[in-house]
Amino acid sequence: VAPLRAMSSFSSKAERFAAEKQRDEERRRERNKRQAARENRRRANANAPILLSKKMRSQLHAALGLDEVYLAAADDIDLDMEMEDAESTAVTRCVDWGFTPSDAMRALSATREENSAESNDSVALAEQLRKWLCLHLPEDELPEEFAAGRGQFEVHKAGANKGPATKAPAKSEFDGALDSLLLWLQEELSQSLSTSDAEAIFMSVELVLRGVEFDTADETELQEAGENAVAILEAEGDALEGLRAELPDRWRATLELHQRQSLAEAAASTEPGKKGASDDEAEHEGEDLESTAASTADARDADGFWEETCGHQVGNNGALRTGTSSSSKPARRQNRGPWFGFGDPSIMGSAFAAFTSSSAGQRMRKHRESLPAAKSREDLLKLMTKSQVLLVQGETGCGKTTQVGQFLVEADPSARVVVTQPRRVAAVSVASRVAEERGEKLGAGAVGYSVRGETQLRRDSCRLLFCTNGILLRRLLGEPDDMFSNETCTHLVIDEVHERSVEIDLLLTLLSHKLGQRPKLRVLLMSATMDVEQLSGMFPAKPPAVKIPGRTFPVSQLYLEDAEDALGMYYNPESGGGWEDASPGIRTAAAELEATQKSKQQRFLAPLDFGILGRLVNLAARGELKDCPKEGAILIFMPGVGEIMRLTGELQRGSEQGGCRLAPLPLHGALPSEQQKRCFEVFPKGGPRKVVISTNVAETSVTVPDVTIV
């Protein structure tokens, strides 16, 4: 028998391995060919998708009459209707998907007769409600997961066969640095704290740092973001002392990288002969000609942008006029054109009249007439005709914030009213409420808002604009020679004037100097606690004042000792500032009195115990606290964003582990508007109980309508 090596045709192991590798490579290529052939056959036999542009989808929506069905369902909605368990579960599931509670109830009311066979199957019922909402809801109001223009359908582009319709932009060096900073922070927190605490704090810091609009923010806003992140870490005390010292340095380094990158991009964009990214995309991906033409027409008709920006350079025949030399400095434009409200006011007036004649409009009219502000309407309008400045002192809950602007627009349809708020969440929520009272879609009719980084208004039809004080100041700084002109507004309402911030004081100072030059301008200063004498001294003539009474409601007050009794625990400063069980017989009356006296001064210096807070909220939600109702929302005020996120996580974990069904919602200034709006939705009965956890942004000009426990 010959040796084994003689049976092989290879002279070495290297040759054998090379041959085996070549055979494996040939097998892999054959396998890939077969797989590619199967994929090609599958694609050839697949149903071709129907690709519709947004304009075509809107036309189909109108042609099928879905708008009328949606509005009819809005008239018939009853938020207090009794629901079966399956219906309550289905509505809750729709809310979890991102639909508003009122829309989910509207879908249930519209499909109740059709769902009789599926009334006991919550999964099938939720799917039926989802289909109705996706079909009838306006596209802009759909959650992102179901919106047609955000992934369900694609718009066909010319030249789409050259590559994919969309191309993800490459991550810049700055984005990578920001990701590295957050990754470092996450690792450090996980080593210093428990998993739940580290996750809650990291989410808070990430929300603050990523929420910055780096392209538009100034240096002060960027520094404030870093300071807010450090403040969140300070809530943990000495445990994160090293992180608090290192985070500002890393944040400054990241901002310096962003500044260098911005300068480099600006230099590259001005380099002659260099093609920009947008040109490259247009060359390789094509353009959606229909949507581009439609957007250009909208900008021309609704915004006045075309005439304002290019009208002075383009002649009637479309030819470009010859301008001045490029070396000459362009003159400042003194007239920027109307800020808003330059369209025909009769159009929106007829739409509002049609709404008031409907059943929903009649219900809303009765609600508005029940507010104390409605009784002062005639006095307010009469004084406005006699005086240029009017002080409105209305108690909390009288309706001054939502009603005064509407009074002015209803008395003079051609008026352009600006109502300022000190915080963006107040401006957005009040504008949303006023649009609802007028039966309009926010930003599409006579009501709109403008806050930093977000604007919703149709400039030609808007008559009532809610904005922050900073937005109004930016507008005024753009017209220094014609400040407070008729192009900006005819009526200016400054709400919460008692706060006397730098922005409000600056507005009042500018007004006191310009009022004599603007005899047609009307100014209303509103507050619940204003100093009338002090504000009157800022103007040459003492303005009249209107006092609007408020409404009182029965309120039961509970104290910390009541919470201790309900929890069966008490705060013991002698045990290191902790909470201990108050079992029978542990404390005598004298010992309890002594402990209470010692703890009164120290309990407020102790760190927050989020487990105790979670237990207390669950007791209140179940109605086990004295005089606490079992229905309605719960509003909790917390010191900062970090504490809000930690309590939110604590309540979510308790609800998932079989506790009371709660829907905790954070509310603070750094949240996007879409998340802030959820806090003002009325949740249906039988579903989870809404818990709004807020900073002091919910103290003024904000009404959470269904709150029963604070």
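The values are calculated or read from the model by the stated rules, or taken from the named source; none is laboratory data. Please read these numbers as outputs of a predicted model, since none were measured by experiment. Positions of Cβ are generated from backbone atoms using ideal geometry, with glycine treated the same way; all protein chains shown enter the neighbour counts. Quick note on the areas: whole protein, heavy atoms, side chains included, nothing else; ligands and nucleic acids left out. Shrake-Rupley method; radii C 1.70, N 1.55, O 1.52, S 1.80 Å.
Around residue 522, under 12 Å between beta carbons, what's the net of Lys plus Arg minus Asp minus Glu among the other residues?
Details: positive: 386, 416, 518, 520; negative: 412.
Spelling it out: positives minus negatives among the neighbours equals +3.
Spin-label model, residue 477 to residue 363: label points 7 Å out along the Cα-to-beta-carbon direction sit 4.5 nm apart. Amide hydrogen proximity for residue 546: with H placed 1.01 Å from N in the peptide plane, the residues at 5 or more positions away or on another chain lying under 5 Å are 391, 392, 393.
For the pair residue 710 and residue 375, what calculated FRET efficiency results from E = 1/(1 + (r/R0)^6), where r is the Cβ-Cβ distance and R0 = 30 Å, to the nearest 0.05? The partial results should precede the final answer.
Values: r = 27 Å, r/R0 = 0.92.
After rounding to 0.05, the efficiency reads 0.65.
What ranking do 501-510, 676-685, 616-625, 24-33 get when scored by the average of other Cβ atoms within 10 Å per residue, highest first? Numbers along the way, then the final one.
On the way: 501-510: 15.1, 676-685: 20.2, 616-625: 18.3, 24-33: 10.0.
For the peptides 501-510, 676-685, 616-625, 24-33, the packing ranking is 676-685, 616-625, 501-510, 24-33.
The H on the amide N of residue 569, modeled in the peptide plane, is under 5 Å from the matching H of 582, each at least 5 residues off or on a different chain. Here the extension length gained between residue 653 and residue 354 equals 102.9 nm, from 0.36 nm per residue of separation less the Cα-Cα distance.
Backbone phi angles across region 390-395, fed through the Karplus curve with coefficients 6.51, -1.76 and 1.60 (θ = phi - 60°), yield HN-Hα couplings of 9, 9, 10, 9, x, 5 Hz in residue order; Gly and Pro are listed as x.
Anything over 28 Å Cα to Cα? Flag those among 131/366; 514/677; 131/441; 366/514; 375/520, in the order listed.
Values: 131/366 34 Å; 514/677 37 Å; 131/441 22 Å; 366/514 40 Å; 375/520 26 Å.
Where the Cα-Cα span goes over 28 Å, the pairs concerned are 131/366; 514/677; 366/514.
Evaluated at q = 0.12 Å⁻¹, the base-10 log of the normalised Debye intensity for region 514-572, with identical point scatterers placed on the Cα atoms, takes the values -0.58. Peptides 425-433, 559-567, ordered by how many other C-beta atoms sit within 10 Å of their residues on average, highest first, read 425-433, 559-567. Charged neighbours of residue 669, selected by a Cβ distance under 9 Å, balance to +2 (K, R count +1; D, E count -1).
Under 13 Å from the Cβ of residue 499, count the other residues' Cβ atoms, weight Lys and Arg +1, Asp and Glu -1, and hand me the total. Show your work: numbers first, answer last.
Working: positive: 423, 500; negative: 495, 496, 503, 505, 531, 699.
With Lys, Arg at +1 and Asp, Glu at -1, the neighbours total -4.
Treating each Cα of region 327-470 as an identical point scatterer and summing with the Debye formula, the log10 of I(q)/I(0) at q = 0.12, 0.14, 0.17, 0.19 Å⁻¹ comes to -0.52, -0.70, -1.01, -1.25.
Under a 5 Å amide H cut-off, with hydrogens placed 1.01 Å from N, residue 640 pairs with nothing among residues at least 5 apart or on other chains.
Considering only DSSP beta bridges where both residues belong to region 391-488, give the percentage that are antiparallel (nearest 5). Counting only bridges with both partners in region 391-488, antiparallel ones make up about 25 percent. Ordering of 355-366, 517-528 by packing is 517-528, 355-366, highest average first (other Cβ atoms within 10 Å, averaged per residue).
Once the 1.4 Å probe is applied to the protein heavy atoms, region 650-702 comes out at 41 Å² accessible per residue.
R0 = 22 Å: FRET efficiency of residue 675 with residue 696, Cβ-based, nearest 0.05? All intermediate terms of the calculation are to be shown ahead of the outcome.
Details: r = 18 Å, r/R0 = 0.81.
The formula returns an efficiency of 0.80 here.
Computed with the Debye formula from one identical point scatterer per Cα of region 361-406, without solvent, the log10 of I(q)/I(0) at q = 0.31 Å⁻¹ comes to -1.23. Stretching the chain fully between residue 139 and residue 252 yields a gain of 36.6 nm (0.36 nm per residue, less the alpha carbon separation).
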